[in-house]
Amino acid sequence: MFVDGRELESGTEVEADVCIVGAGFAGIALAMELMDSKLSVALLESGGFQESPKHEALLEGTFDGPHKNKNYLHTSRSRYFGGTSAKWLGICRPLDPIDFEHRPWVADSGWPFDHRELVPYYDRAAPVLGIRPFKVYDRDGQLAPSNFLAGREITRFVPKVLYRKKPIVRFGDKYRKQLKNAENTTVYLHANVVELETTPDGASIQSAIAKNFADRQIRFKARHFVLAAGAFDIVRLLLTSNRHHAEGLGNAHDQVGRRYMDHTRLPQTGLVMQTEGRPRRWHSTGSASVPGGFSYVMFSPTLEAQRQLQMLNCGVRLMPLDDDTEQDIDPGTLARDVGGLARGLDQTVTSGADPMPRTKIRFTTKLYNEHIPLAHSRVRLDTERDALGQLRLVVEWRSNRQMDRSVERTLELLAMELGRTSRGRLRLALTDPLYGPPSFLGSHPMGMTCMHPDPKKGVVDAECKVHGLENLFIAGSSVFPTGGFVNPTHTIVALALRIGESLRRRLESVP
Ligand SMILES: Cc1cc2nc3c(=O)[nH]c(=O)nc-3n(C[C@H](O)[C@H](O)[C@H](O)COP(=O)(O)OP(=O)(O)OC[C@H]3O[C@@H](n4cnc5c(N)ncnc54)[C@H](O)[C@@H]3O)c2cc1C
């Protein structure tokens, strides 16, 4: 059932077993998981069924990061039923096994469990996202004969398949009817939570206070609460709910808001010149129409290469230029470029500087790079308030030299692989004003309430329950200790289903 919060009387109190704050991917997936349980569920959504300027204005804040992302706090999320599924591109892939590992060269890396823990939830998340179990796309993609970099002689990169379903699944549309008909679930629209109230001893949450633009205030009481309001608003709610915890909820050790990450996208980092004589089919990057959608391949440095060269996880996509835009390269320029690139690199590449007449640029390289969870890359409260009285956010995105160096190393390694296997040559364009535009962030906010068994080093435990509070969970990418290089939503939905299972275990056994 749907209830419009603007039509309730101010002061209304609602009770449920589980109160979920936010009806985006995480909140809706969790509500769907609990739909056939004995639990009553209140799903609270800030907005209505459509975008509205007033709700958009709630997204405003200060973003201090790469200048291309001036409007990041707006462009990276949506504020109405269905959440950012209204904007997303539908690209899915689970995180890599290495993303869960502690890597000595990446400070604060390591999830509290390895990737096998999430495998069953990734499988269950697939139909929720409207896709098939991911191993199907992986298998088909790996078998595709046309991957430019695939093949036995390429040893330092592995192809990874990403899948994009068409038409793109919008959770607000896909699940609206089922939520309307659900017996145990009520979706409250125009129920913008502004505070979580704890019991006087501060040990658990007793209610969530919601407001709306019709000046109604509604109190939601529940046995368990799940914050699924998107990474930034989860931080905002924890920090502003400071009645009994002056520093905010879950923040006894100053961890809330820290380790803000995204993915850096570098749209054009290099130009790949294909060695003449290669058959045409090598031109494909492996992108293909597959049943119900589209899949494409990115190449990551192997685990061994990442270990050996102390790199972050990364995906390189070779973007083919079509015949019209393929550029002829003057052999002299090419020899100079490749010669310059080869200095200090592997001997096999140096030999690649031999003149190569009539070479063409076939691809540009696009990079998606992992971030390091840096404590000083953070989100904090501003002093200004929004129209519903909540303090706004200041986001301070920070990177470091290791992150830049990792991009450079990945490209150098790619250049060596192309040269060594005579597939082509790579001209690095990282600092080229023509080809190397500034990087930007990928609208994938992660971190800020990281998962760690030690409350001094993280905000939630391995179950995604907030340390120090008995009944508060967090569903979303803010719990990711690290975020790999792939889009986060498949993992967000997998974790939401895992929280659902945990809530059922806790609540269904207790009368
Ligand atoms: C342009 C774009 C393209 C993207 N493409 C991809 C992609 O291809 N693949 C991918 O994996 N990811 C993609 N993403 C990222 C993806 O959209 C997010 O990972 C995902 O939406 C996060 O899900 P969520 O449920 O945590 O948050 P959201 O989907 O943002 O949902 C949060 C919900 O909480 C509500 N809310 C917020 N505050 C409150 C409050 N105080 N009270 C009540 N309700 C509240 C919001 O209105 C919203 O409905 C893309 C993002 C953008 C912007």
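Each reported figure results from applying straightforward, stated rules to the coordinates on display, with no laboratory input. Bear in mind that the values here come from a model prediction, so they are computed numbers and not experimental data. Every residue, glycine as well, gets a Cβ built from its backbone with ideal geometry; the counts of neighbours run over all protein chains shown.
The length gained on full extension between Arg116 and Lys54, counted as 0.36 nm times the residue separation minus their Cα-Cα distance, comes to 18.0 nm.
In terms of packing, defined here as the mean over residues of other Cβ atoms within 10 angstrom, the peptides 469-479, 71-81, 47-57, 253-263 line up highest first as 469-479, 253-263, 71-81, 47-57.
Residue-wise HN-Hα couplings along the stretch 4-19, as the Karplus relation 6.51 cos²θ - 1.76 cosθ + 1.60 with θ = phi - 60° gives them from phi, are 8, x, 6, 9, 8, 6, 4, x, 4, 10, 10, 10, 8, 6, 10, 10 Hz; Gly and Pro carry x. Within the same chain, lysines fewer than 8 places from Lys70 are excluded, and of the rest, those with a Cα less than 29 Å from its Cα are Lys54, Lys87, Lys211, Lys366. Phi angles of the stretch 209-216 translate, via the Karplus equation with coefficients 6.51, -1.76, 1.60 and θ = phi - 60°, into HN-Hα couplings of 9, 10, 10, 8, 7, 8, 6, 9 Hz per residue; Gly and Pro are given as x. A simple spin-label model places pseudo-atoms 7 Å from Cα toward Cβ; at His244 and Leu89 they are separated by 4.5 nm. Calculated FRET efficiency, Ala375 to Ser10, Cβ-Cβ distance, R0 = 41 Å: about 0.50 to the nearest 0.05.
Fully extending the segment from Glu508 to Phe213 would add 102.6 nm, taking 0.36 nm per residue of separation and subtracting the current Cα-Cα distance.
Cα centroid separation, the stretch 183-200 to the stretch 117-139: 30 Å. Computed 3J(HN,Hα) for the stretch 305-314, one whole-Hz value per residue from the Karplus formula 6.51 cos²θ - 1.76 cosθ + 1.60 where θ = phi - 60°, is 5, 4, 4, 5, 9, 6, 9, 8, 5, 7, glycine and proline marked x. Spin-label model, Glu183/Glu501: points 7 Å from Cα along the beta carbon direction are separated by 2.6 nm.
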